[in-house]
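Quick notes on the structure that follows.
Since every read-out is calculated from the coordinates, none of them should be taken as a lab result. Because the structure is a prediction, the values reported are computed rather than measured. Here Cβ is always computed from backbone atoms with ideal geometry, including for glycine, and neighbour counts include all displayed protein chains.
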Amino acid sequence: MAENISQRYELRLRAHPRMLADIRRAVGARLRLWECEELISAAGMCVTELLSNVHKHAASPECVLTLERLPHGIRAAVSDFEAALPVVKEPDFLSESGRGMFLLSKTAHEWGTDLTPAGKTVWFTLRAESVEP
């Protein structure tokens, strides 16, 4: 990987379903730049879920998406202005919603939440199989 490529990417945005495809493309472009192509699909799904939760559950759609290149993969985080933490529920596969955090918890290698003075940050990590930890 080129030395001058930033190992951190930050995007301030307003979470809305119409923007999700563009955001997934931006995430994919950054991961290709970081030579993490194998993580694009999983990262896109997880980021989509976090941004969908902001849209559905936060009082404000304003949020920040941060991607960081790690030696073994990536860390992604979405920070918003809502203190309520996400809940992982057993999925009801007949329901049209409510499976996202369950899928994220099964896809990401690690995930968690951090309360901040302004709200919360929900983060996850994905490891690239082709990179030694």
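Of the conditions (1) of a type in the set (Asp, Glu); (2) surrounded by fewer than 18 Cβ atoms within 10 Å (Cβ to Cβ); (3) within 19 Å of Cys63 (Cα to Cα), Glu49 satisfies every one except a single condition; which number is it?
It is condition (2) that Glu49 fails.
Could you pull out the residue among Ser60, Ser6 that is among the hydroxyl-bearing types (Ser, Thr, Tyr), out of contact with any Cys (no Cβ under 8 Å at 6 or more places or on another chain), within 16 Å of Gly119 (Cβ to Cβ) and in a loop (DSSP other than H, G, I, E, B)?
Within the list Ser60, Ser6, the selection yields Ser60.
Report the residue count in segment 66-83 for those that are over 13 Å from the mean Cα position of the chain (by Cα) and under 13 Å from Leu115 (Cβ atoms).
3
Scan segment 70-83 for residues that are farther than 13 Å from Ile40 by Cα and either in a loop (DSSP other than H, G, I, E, B) or not aliphatic (A, V, I, L, M) (or both) and jot them down.
Of everything in segment 70-83, those that are farther than 13 Å from Ile40 by Cα and either in a loop (DSSP other than H, G, I, E, B) or not aliphatic (A, V, I, L, M) (or both) turn out to be Pro71, His72, Ser79, Asp80, Phe81, Glu82, Ala83.
Take Arg8 and decide whether it is exposed (fewer than 13 other Cβ atoms within 10 Å of the Cβ) and either in contact (Cβ under 8 Å) with a residue 40 or more places away in the chain or among the β-branched types (Val, Ile, Thr) (or both).
It is true that Arg8 is exposed (fewer than 13 other Cβ atoms within 10 Å of the Cβ) and either in contact (Cβ under 8 Å) with a residue 40 or more places away in the chain or among the β-branched types (Val, Ile, Thr) (or both).
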